[in-house]
Amino acid sequence: MNLKEKIDNLPKTPGIYMMKDKYGDVIYVGKSKKLKERVKSYFVNSKNHSRKVKRMVKNIEDLDVILTDTELDALILECEMIKKIRPMYNQLLKNHENYSYIKINKNIKYPYIEVSKEIEDDSLYFGPYTMDKKLDEIVSIISREYKTRTCKIMNKCIKYDLNKCIGPCREIVSKEDYNIIIDTIIKDLNNSNKNLINILNKKMQDEISKLNFEKAKDINNDIVLLKSLSHKQDIINNANENKPILAWINLDDENIKIYVIKGAKLLKSELIKVEDFELDNLIYTIKEQILRNEENIAEEVVDKYYIDFANILYSYIKSNKDINYKYI
């Protein structure tokens, strides 16, 4: 069966598709709720196709598909296959290359806040985050508002005179008092930046009362950036805590499919009858099963791939109106 015949015979059901080149190597993995429509769309002449897609299509000689019950099944399988095969045209799980951390080295006398691409030492790290240059902006906001040092080599610069730094280089502030500020920042980073966001909200309202709308707009932009960091941190915290989530989808009038996910790992997926679905009993049974099997479940390292998977998975579950979910 040639490629065109394969595409024409694809079902309009959920699943993943694996595009192959002339050597039989998988060059792209994708998922769809309706396989036939999605795969066919690659071969339709369209001005909307990116150069990457056009290049990829020229190299497609064959394809394989795996059918799934739901699009969520397809998403989970797609992520696993991309991580395993790492096809050259995939971008879904390549965001890890753009991940960065917020780093605070508490081993030095007057710590400063910086962005780091990797965990290099025993400093305190927050992340990883996929925020590129925005993370530099966020670190600048934090340093500016708390007036911490931003220089790696302490020189008596003009920032103290401009009231932009509390002046550790001039020994204006004690090490103890400076560390109280650093501890406040650390606490805030662990608590969705609530303290700093409240400070900025008050400043914004003050500027609005003075009719300084441009300044108020700039402050609001800073608040939006901090909130976006908080959203990323919430996902990381959920992954670190390994708090299980139960998700379920009504397939039809008779069947429900349930999923038990812990961190970024699918522990269980199962089809059950609608009449057998009783949420409280189901949660109790799942908790008992997790407790019994806990010793046999290997703890996964919360690395960049793990966070990517968790981000994709949780975002999909929370945004899909057909999926119900509950943390257990």
Legend entry - Positive minus negative residues near Ile27 (Lys, Arg vs Asp, Glu; Cβ under 9 Å): -1
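Once R0 is set to 35 Å, what does the formula 1/(1 + (r/R0)^6) return for the Cβ-Cβ distance between Asn195 and Leu267, expressed as a FRET efficiency to the nearest 0.05?
Details: r = 36 Å, r/R0 = 1.03.
For R0 = 35 Å, the calculated efficiency reads 0.45.
Going from the alpha-carbon gyration tensor of the chain, what semi-axes, largest first and in whole Å, does one get by taking the root of 5 times each eigenvalue?
45, 26, 20
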Legend entry - Shape metrics for the stretch 81-151, restricted to C-alpha atoms - Rg then Dmax, Å: 15.3, 47
Inset, instruction - Find, to one decimal place in angstroms, the Kirkwood hydrodynamic radius of the stretch 238-292, where the mean of 1/r is taken over every pair of different Cα atoms and then inverted. - result: 11.8
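For the chain, what is the calculated [θ] at 222 nm in deg cm²/dmol (nearest 500), taking -39500 (n - 2.57) for each run of four or more DSSP H residues and dividing by its residue count?
-14000 deg cm²/dmol
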Inset, instruction - Go through the stretch 137-146 residue by residue and turn each phi into a ³J(HN,Hα) via Karplus (6.51, -1.76, 1.60, θ = phi - 60°); whole Hz please, and just put x for glycine and proline. - result: 5, 5, 4, 5, 4, 4, 4, 5, 6, 9
Inset, instruction - Kindly report, to the nearest 10 Å², the accessible surface of Arg55 as traced by a 1.4 Å probe over protein heavy atoms only. - result: 130
Legend entry - Asp253 - accessible surface, heavy atoms, 1.4 Å probe, Å² rounded to 10: 150
Inset, instruction - Taking only Cα atoms and a 10 Å spring cutoff, compute GNM fluctuations for the chain and point out the largest among Leu35, Leu282, Leu266. - result: Leu282
Inset, instruction - Let me see the pair-distance distribution of the stretch 6-143: every alpha carbon pair, 10 Å bin width, integer percents in order. - result: 11, 30, 24, 17, 14, 5, 0
Inset, instruction - Just need log10 I(q)/I(0) for the stretch 133-182 at q = 0.18, 0.20, 0.30 Å⁻¹, Debye formula, equal scatterers on the alpha-carbon atoms, no solvent, rounded to two decimals. - result: -0.56, -0.68, -1.23
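Could you please put Ile153, Ile119, Ile108, Ile16 in sequence from largest to smallest accessible area, using a 1.4 Å probe? Intermediate results must be reported in sequence, preceding the final value.
On the way: Ile153 125, Ile119 105, Ile108 55, Ile16 0 Å².
Descending accessible area places them as Ile153, Ile119, Ile108, Ile16.
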Inset, instruction - Order Tyr125, Tyr99, most accessible first, counting only protein heavy atoms with a 1.4 angstrom probe. - result: Tyr125, Tyr99
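The values are calculated or read from the model by the stated rules, or taken from the named source; none is laboratory data. Keep in mind that this is a model prediction, so the values were computed, not measured. With ideal geometry, Cβ positions are generated from the backbone for all residues, glycine too; neighbour counts draw on all protein chains shown. Just the protein is used for accessible areas: all its heavy atoms, side chains included, with ligands, DNA and RNA removed. Shrake-Rupley method; radii C 1.70, N 1.55, O 1.52, S 1.80 Å.
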